[in-house]
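Chemist: Input: one structure, supplied below.
The values are calculated or read from the model by the stated rules, or taken from the named source; none is laboratory data. All of these numbers come straight from a predicted model, not from anything done at the bench. Quick reminder, even Gly has a Cβ in these numbers, built from the backbone with ideal geometry, and neighbours come from all protein chains shown. Just so you know, the surface numbers come from the protein's heavy atoms only, side chains and all, with ligands and any DNA or RNA stripped out. Shrake-Rupley method; radii C 1.70, N 1.55, O 1.52, S 1.80 Å.
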Amino acid sequence: MSKFESSVRQIPYPQQKVYDTLSNLENLAKIRDRIPADKLQDFSFDNDSITVKAAPVGEIKMHIIEREEPKTIKFETEKSPVPLNFWIQLLPVTADSCKMKLTVKAELNPFIAGMVKKPLQEGIDKIADALERISY
């Protein structure tokens, strides 16, 4: 199992408010315009799942498998070239701010790991960048 983590990000909003926003995937409409069109196509979501076509890997569908209010949201792939789990961790810093870290665990054989390690790390960092900039 390969593990990829974003750096810890400071979010200038209360932990509960960030959790409430991120635990309902319909709120992704707030960041839709920040996603490069050449990287993602057919981006769709509902309260519990998200589907994207990502170049060059193809269609990926993930759904929320666990919500631990107000600190963790866990996802699992339903459809993906590589089986993986993804989770968002939130920790309070003050009453008005929190810290966020994203983690991906993927089942990668050594050959695939060599090809996708860098794109997966870059992808998780870009997701963290986008989530860090949301007005919660």
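Chemist: On C-alpha positions alone, give me the angle between the axis of helix 110-132 and the longest principal axis of the chain, in degrees, nearest 10.
Modeler: Compared with the principal axis, the helix lies near 30 degrees.
Chemist: What's the local net charge at R67, with K and R +1, D and E -1, over the other residues with C-beta under 12 Å away?
Modeler: That sum, taken over residues with Cβ under 12 Å, equals -3.
Chemist: How many nm separate the modelled label positions at A95 and E78, each set 7 Å beyond the Cα in the direction of the Cβ?
Modeler: Using points 7 Å along Cα→Cβ, the separation is 4.1 nm.
Chemist: Could you pull out every one of the lysines with an alpha carbon less than 16 Å from that of K99, ignoring same-chain neighbours closer than 8 positions?
Modeler: Result set, ordered by chain and number: K17, K71.
Chemist: Quick check for you: with a 1.4 Å probe and neighbouring chains kept, what is the accessible area per residue of the chain, in Å²?
Modeler: 57
Chemist: Given the options I73, V93, V104, identify the residue whose Cα lies farthest towards the positive end of the charge dipole of the range 66-136 (+1 on Cβ of Lys, Arg; -1 on Cβ of Asp, Glu).
Modeler: Value computed over the given set: V104.
Chemist: Right, something else. With an 8 Å cut-off on Cα pairs and a minimum separation of 6 or more residues, tell me the relative contact order of the chain in percent.
Modeler: Relative CO of the chain lands at 32 percent.
Chemist: Estimate the FRET efficiency between R9 and D48 by the formula 1/(1 + (r/R0)^6), using the beta-carbon distance for r and 22 Å for R0, to the nearest 0.05.
Modeler: According to the calculation, E is roughly 0.40.
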